[in-house]
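The values are calculated or read from the model by the stated rules, or taken from the named source; none is laboratory data. Everything quoted here is computed from the prediction, not taken from an experiment. FYI the Cβ positions are ideal-geometry reconstructions off the backbone, even for glycines, and counts take in every protein chain you see.
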Amino acid sequence: MAAVESQMLELGTSAPAFSLPDPDGNVHALPDDGNPLLVMFICNHCPFVVHVREALAALATDYPNVNIVAINSNDAEAYPADAPDKMKLEAVTQGYTFPYLFDEDQSVAKAYRAACTPDFFLFDGDLKLVYRGQLDDSRPSNGKPVTGKDLRAAMDAVLAARPVSTEQAPSIGCNIKWKPGNAPDYFG
């Protein structure tokens with residue numbers, strides 16, 4: 001299991017716009033209702049996502065005042081486990097109540113400089129980036145419990161109108177499965 005780290009998009013960056021379908025074909029756009037926004041790049045098959053998916057489902061329940069969307073940018077042709085029909089099943093099975101969107105052309109992943117699954121981006125009510133990094137320090141093989149402490153601390157701070165700590169550790173996970181010739185230049 002080769003792991004890559006998130007690219008740590010610059011804090012203060014405005015949330016890149018998106019308009020993406022869920023597996024049923026309903027299109028979801030960047031919300032602009034004054035609430036914080038959490039954008040999670042995930043997929044169905046990555047062991048790092050599988051390890052935390054219960055915690056991801058819990059975020060929507062525990063933070064109803066945060067808009068949450070998950071985006072799958074993997075090449076579904078090369079990785080059929082990440083195809084939209086499988087995404088729908090995954091969302092139902094895992095109890096995801098947030099939109100789980102498909103970034104077929106991978107342009108949204110590039111706009112966010114997403115690198116791995118999972119990769120987390122938290123924006124304040126003005127849609128300015130205040131946190132990018134790990135859910136917590138648990139990994140599939142390190143024996144640490146999944147608590148979501150890093151991301152939850154950032155979400156709690158945003159909701160309480162407190163500054164989010166700039167001490168942020170990158171997320172670690174499987175690389176996004178880029179289509180042939182489509183890997184972004186930020187991978188060198």
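Looking at the range 123-140, is at least one residue within 24 Å of ALA17 (Cα to Cα) and surrounded by fewer than 16 Cβ atoms within 10 Å (Cβ to Cβ)? So far as the range 123-140 goes, yes, one or more of its residues are within 24 Å of ALA17 (Cα to Cα) and surrounded by fewer than 16 Cβ atoms within 10 Å (Cβ to Cβ).
In the condition set (1) at pLDDT 95 or above; (2) surrounded by fewer than 19 Cβ atoms within 10 Å (Cβ to Cβ), ALA183 is compliant with all but (1). Could you list, in sequence order, all residues of the range 151-167 that are in contact with a strand residue (DSSP E or B) (Cβ under 6 Å, 6 or more places away or on another chain) and surrounded by fewer than 20 Cβ atoms within 10 Å (Cβ to Cβ)? Listed by number, the list holds a single entry, VAL164.
Pairing residues of the range 163-178 that are within 23 Å of PRO140 (Cα to Cα) with residues that are among the hydroxyl-bearing types (Ser, Thr, Tyr), at Cβ distances under 7 Å and at least 6 apart in sequence or on separate chains, gives GLN168/TYR131; PRO170/SER6; SER171/SER6; GLY173/THR117; CYS174/THR117; ILE176/SER73; ILE176/THR117; LYS177/TYR79.
Selection of strands (runs of 3 or more DSSP E) fully inside the range 1-108 by the criterion of at least 1 residues being surrounded by fewer than 19 Cβ atoms within 10 Å (Cβ to Cβ) returns 19-21, 27-29.
Contact map, the range 120-142: first residue under 22 Å from GLU54 (Cβ atoms) and touching a residue at least 40 places away in the same chain (Cβ under 8 Å), second residue in a strand (DSSP E or B) and of a type in the set (Ser, Thr, Tyr), Cβ cut-off under 8 Å, separation 6 or more or different chains; pairs are PHE120/TYR131; PHE121/TYR131; LEU122/TYR131.
The condition of being farther than 27 Å from ASN182 by Cα, out of contact with any Leu (no Cβ under 9 Å at 6 or more places or on another chain) and hydrophobic (A, V, I, L, M, F, W, C) holds for ALA57.
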